[in-house]
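Structure, as structure tokens:
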Amino acid sequence: MDKVVTPASTAALKGSDPTDTVALPAALTRSLRLQVNRVRDGVMHSQAESDAIAVETPVAVELNGINHAVMLATPDDLEDFAWGFCLTEGIVRSPDDIRDIEQERTDLGIILHVQISPACMQFLKERRRQMAGRTACGLCGVETLEAVRRLPPMAPPSHAGSPASPPPTPSPVQQHDLHAMPAGLTLAQLLEAMNALREQQPLHQETGATHAAAWVSADSHTPTFIREDVGRHNALDKTIGALLRDTRPTIGHGALLVSSRASFEMVQKAAMAGCPVLAAVSAPTSAAIALAEETGITLLGFTRARQATIYAHSQRFQLSNKGKAS
């Protein structure tokens, strides 16, 4: 049985108008079917047909009981999403910083109750105080143009605050040293995995409205940790979260694949996760290329039909050696 949502959480899922809410299906599923009218050869058919529609649901993230963010997302793999979101936003440093995740269904959406370590929560509160009063935008918390290309600050170690606390740690890029990190896989492996990903997106094939993200390891041609979502950022966070929760792979020994364009935020998330290669089906933006150059990420666009364009750090792949990673 669904929990009764608290007034504070209910407000987080509403717009400025209290009556402005999003209708949800009776049961949370990835897709639903609606009656539609088709137009063929410029003529609308009078007989309605059934069509598959991707479900888009408000998902609120609460951190230690405090509302943090609300996204519109596909309502599955949400625990993976919570893990990936917390890491790529710099809220936590490692899986150990996430103590518990509970999902709550309400009439207005889903609330992810995430419990994080006290040190990470204190760090987050300091960040929120610094951001207070600033205009919301796609780069929330950025105060100057010079700061646009900086990665989000990462939470301190969980034992921070003790008398023996270490000095502030370097950024995730400095920790991972992405410039020097080999991909470990060949271009042929990457292209084969991207080609295979096209056939492993059942929700997109059903609805045509979702993106996918996946990871391919250095010893495989097969995409794994495939996650789909109506939002391309959400799909990537879900894949990164799934990787975090699985202790077997090392995210730096492979490549992230996305079925979308490569924007600044997508490169930023890959860098925060410590993955040296990001391959997108569509084009990158100029900001994405600049950030990839700065952080050491090999960025590929138009990765389709066994072809690609490499926009940053092509030296990671030794083309003269049949695409073998350096």
**OP:** Could you check Ala132 against (1) in contact with a helix residue (DSSP H, G or I) (Cβ under 8 Å, 6 or more places away or on another chain); (2) at pLDDT below 50 and say which number it fails?
**Re:** (1)
**OP:** Confirm whether Ala242 is in a strand (DSSP E or B) and either in contact (Cβ under 8 Å) with a residue 40 or more places away in the chain or closer than 18 Å to Glu293 by Cβ (or both).
**Re:** no
**OP:** Within region 189-210, count every residue that is touching a strand residue (DSSP E or B) at 6+ places or on another chain (Cβ under 6 Å) and not acidic (Asp, Glu).
**Re:** 10
Original post:
Could we say that Ile226 is assigned to a strand (DSSP E or B), of a type in the set (Val, Ile, Thr) and crowded, with 19+ Cβ neighbours inside 10 Å here?
Top reply: yes
Subject >> Ser217 vs. criteria crowded, with 20+ Cβ neighbours inside 10 Å, modelled with pLDDT under 95 and closer than 30 Å to Arg93 by Cβ >> reply: yes
Original post:
So, of the residues in region 229-264 that are of a type in the set (Ser, Thr, Tyr) and surrounded by fewer than 22 Cβ atoms within 10 Å (Cβ to Cβ), which turns out to be modelled with the lowest pLDDT?
Top reply: Thr247
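The values are calculated or read from the model by the stated rules, or taken from the named source; none is laboratory data. Predicted model only: the values in this text are computed from it and were never measured. Cβ: placed from backbone, ideal geometry, glycine included. Neighbour counts: every protein chain shown.
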